[in-house]
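As structure tokens, the structure follows; a few thoughts come after it.
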Amino acid sequence: MIFAQVLVMPDVSWLAIAPEIALGLGAAIVLLVEVQFLPPIKRLGGLVAAILAVAFGFSLWQWFRVDDLLSSTDNAEFIAGFLPFGQMVVLDHASVLARLALLLVAALGIGAGWQLFERLGRRGAEALALVLLATSGFMLMASSVHLMMMFLGLEVGSIALYVLAGITRGRATSDEAAIKYFLLGSVASAIFVYGVALVFAGTGELSLLGARSFLSGTVVTRPAVLLIGLAMLVVGLAFKISAAPFHSWAPDVYQGAPAGIVGYMAAAAKIGGFAALIRVLHTGFPSMLDEWAPLIAGIATLSMVLGGIFALVQDDVRRLLAYSGVAHAGFILTGMVGGGVGAPDVWFYLAVYTIQLVGAFGVVSVIAGGTAGPTPIASFAGLGKRQPMLAVSFAILLLGMAGIPLTSGFVAKFGVFQTAWQAGFEWLVVVAVLASVVGFAFYLRVIVAMYMQDGDGTSPEPASPSRTVIALTATATIVLGLLPAPLLDLAANAIPL
Amino acid sequence: MLTWLIAAPALAALVVAFLPKDRKELYLPVGILLSFVPLAVAGVVFFEFQGGEAAFQFAERVAWYQPWGIEWNVGIDGISLGMIVLTTILFPISLAASTAINHRVKEFVVSVLFLEAGLIGTFLALDLFLFFVFFEAILIPMYFIIGIWGSERRIYAAVKFFIYTAFGSALMFAGIIALAFLHAEQTGAPSFAYQDLLGLDLGVVDERLLFAAFGLAFAIKVPMFPLHTWLPDAHVEAPTAGSVLLAGVMLKLGTYGLLRFNLGLFPEASVDAVPIMATLAVIGIVYGAVVAIVQPDLKKLVAYSSVSHLGFIVLGTFALTSAGLQGAVIQNVNHGLTTGALFLLVGMIYERRHTKNIADFGGLWKVMPIYSGMFLFAAFASIGLPGLNGFVGEFLVLVGTYASLPGFAIVAASGVVLAAIYMLWAYERVFTGIPDKPENQALSDMSGREIAIMVPLVALILVLGMYPQVLLEKTEASTEAVLDRIEAVTDYEVPAPGRLTDLYIAGGDG
């Protein structure tokens, strides 16, 4: 019914959250279908793919709608279309890009970890529904310009992820990961909420646009409360993107949670977290750039250095990817020190990295058989001989994450570095290029194992959706490395309001 | 044309990659055959190249990503011409010398061909971003070549090689970004094009920092003393083709980079850095030679001799005279040929005896006369015997250096003497005397294939030794242009007999 209405009568307001509605309803449908018809998991997979496609279609529609709005001369129509629902959410290119990225990551993530969903049996439907819900939550988070709305999205997304982390009930490691994630995540959420309260105390506004106009019209003589509040918002979100020193959950969760879903969990949380972070800092507090840019630069430095160093000494590929994810959070933050101008570079990096991340965890999931359990680097030994295609793809993905030229990772790194350089953070760029070299070192360890050491172990054949996703992500890594212009042009629109 | 020169080996690699799995015997022959395509293209470029012109020829410029000012910007001048020819010649030879590779042949051929594409790209790229892309991307195939097909300590050597060089280039990357933004500050739009960046006004501090950032990357690549420690490991562990390409071409990226980018973009800082660079170069010449003397391992000996020979190239570059630069450019090619030949020969004996220890041999000339003759020829070329190519390059370097830095030239000349000592002493121990060890008595001499591999190198060594003008007349205009620019933008003046206009130095016979 609602679908039909949206389709016949393109009410601008509904369109702004149509993808989220599609996913929410979709999650309910998946669960109902499961209870009613007990379909095989493959069918449910098809259904989920259709739901994601519908949401994707809505998002594309939104993209063109934003184009229309931007060229519209009618001011009232512009405001109504741009900031529907009483200025709680925003319909701009940045939010649509976040949706597209999240939907893509969800589709790829489910494909990459397909083995897990098959193994879960009847509970596969729950996992699928949770993925849809988490995606809708992070979408909402990315498109909100109101701190309460943002918190709502954050919680919807995070709680779904906590459950997903423990979805293989009965496995101690999985339970441990879920509890850890939940406890630390709750603390982070609490810090975020406290930050919201302090920002409200400082500006009298929960709306980011309201806060901005307040700050532009007022000289804050005693900004301590506001600054602490802002810092707490940053800390809360830094937890979500696993930036140091708020990253301690990541290795345990990445290692303990079922391998098939970790890629999606990590990628979705990163996209949502960064989207919100850009939104808060750039939309809400552009006038305080000089205050928050050093904070961001400090977190970025810590993340790159600590992430890199700890990744060097990991023996488990999942922990390695977790710490490398901390380093990547640092690299992405590097692109934010210049404020909104860096948003396109941040988005390009996020898109490229999350695609690689999902692909890489697809490979890990194949090796781990889709579930929890250790995946030591040694278990990759000789993979180059046993499964050449899988090994080549993994090597490409790892090289892409390392930022070797001719891969998308290099273009992404260059993008954030040049933004930071332009913003006057030359020292940060120097730290970052050196941290990239550390990155080469730990990614190479996995490649050494795959190609230069002999392994006696066997590894399971990937399921066909996983194989497709892994091949796709590896191809994207190369193609975007050679021809980055289309995606860069797309991301160039994504400067938030 | 140049785009195809870069694309040809990459496409060849793809062709080999998609050869059917059950036709293993095809991989290497197809790879060798296809590697003649870039050689042919390079030949056309070489003969069409206009000698008297300093500007970039066959230039192509297309925007890659406009907002960042990144371009597909390639071109060739006298400085890169010789390197392109050398690269395209050495690749078919290295592949043909790789019949001993017996596992994962397909991956090997693919890696080598991708390496060729990357190396050609590095020499042709005029956009600094593009240059860096190639400069860094070639580490991957070389890493695999050392790490998969190397000898016992291959993984250690491969990782050391990779991290060392990647670390060196990291700061250069920051420097490249800095240059682009300096360009943006001064003209409004960022640019990475070498041609555009020449016009920048850098300021003393920035220029020195940038010189250091670029210089570090190239100095590690060369490698200059004291940054050379990765080289012996990489060389000793690499398979023959890897050593040939590493010494023959990859090290030249360092000397090429110093000449093209450090001298070209940072003239003021280059002039100021002459004492440091020349000192390190001379230390490298003497140190490399002295260490080579005491090496018990034949391959390591050749590797350390490279440190010494490349010292000459750096010295010639920073002598900042016509003869010095000319010598550096031609010695880049010469060293590729002679050291390539030596590594190939060491590889051949290793395939027979599975040892490179000098002490394990003795009296080989009785059992392997052709091989011994070839080795003697290559050793003489390396020492710098007049009439062979090594003489031309080192003589030009020494003459050029004497004009501006006489003290350095005198010390550097000892490198030539030391070269004679380590080469001839090693030759004496390996080849002369009677073959008293039973393993050595039954060794077969060079096969027809092995002779065929060596013939082109021997011929080029002779040609460049007898008639170096073939190359020099094409490089002259470009090296002169470098000096013209240095004299134009700095207070530096090349001391009296240092310019071609002061005194014409005929290449070959001195």
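Throughout, read-outs are computed from the coordinates displayed, never taken from laboratory work. None of these values were measured; they are calculated from a predicted model. Every residue, glycine among them, receives a Cβ derived from its backbone with ideal geometry; neighbour counts consider all protein chains shown.
Computed quantities for the displayed model
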{"item": "DSSP-assigned coil residues among chymotrypsin sites (Phe, Trp or Tyr not before Pro) in region B:254-356, each with at most 15 further Cβ atoms within 10 Å", "result": "none"}
{"item": "Aspartates and glutamates with Cα under 17 Å of A:K42, excluding same-chain neighbours fewer than 8 positions away", "result": "A:E34, A:E118, A:E126"}
{"item": "Rg followed by Dmax, in Å, when region B:311-439 is reduced to its Cα trace", "result": "16.8, 54"}
{"item": "Qualifying lysines (Cα of each under 19 Å from Cα of B:K21; at least 8 residues distant if same chain)", "result": "A:K385, B:K106"}
{"item": "Calculated P(r) tail over 45 Å for chain A, as whole % of Cα pairs", "result": "8"}
{"item": "Largest-first ellipsoid semi-axes for region B:1-143, taking √(5λ) over the Cα gyration tensor eigenvalues, angstrom", "result": "28, 18, 12"}
{"item": "Relative exposure of B:T355, A:T218, B:T338, judged by other C-beta atoms within 10 Å (fewest first)", "result": "A:T218, B:T355, B:T338"}
{"item": "Reciprocal mean inverse distance between Cα atoms of region B:60-161 - Kirkwood radius, Å", "result": "15.1"}
{"item": "Ellipsoid equivalent to region A:187-317 - semi-axes via the Cα gyration tensor, in Å", "result": "32, 15, 12"}
{"item": "Stokes-Einstein D (µm²/s) once Rh is taken as the Kirkwood radius of the protein assembly as shown over alpha-carbon pairs, at 4 °C in 1.567 mPa s", "result": "43"}
{"item": "Rg followed by Dmax, in Å, when region B:168-311 is reduced to its Cα trace", "result": "17.1, 58"}
{"item": "Neighbour-count order for A:Y264, A:Y162, fewest beta carbons within 10 angstrom listed first", "result": "A:Y162, A:Y264"}
{"item": "Calculated FRET efficiency for the pair B:L385/B:I434, C-beta based, R₀ 35 Å, to 0.05", "result": "0.85"}
{"item": "Sorted by Cβ density within 10 Å, fewest first, the residues A:H93, B:H103, B:H309", "result": "B:H103, A:H93, B:H309"}
{"item": "Spherically averaged projected area of region B:103-151 from its Cα convex hull (nm²)", "result": "3.2"}
{"item": "Taking all pairs of distinct alpha-carbon atoms in chain B, Kirkwood radius in angstrom", "result": "22.7"}
{"item": "Rg followed by Dmax, in Å, when region A:65-178 is reduced to its Cα trace", "result": "17.7, 59"}
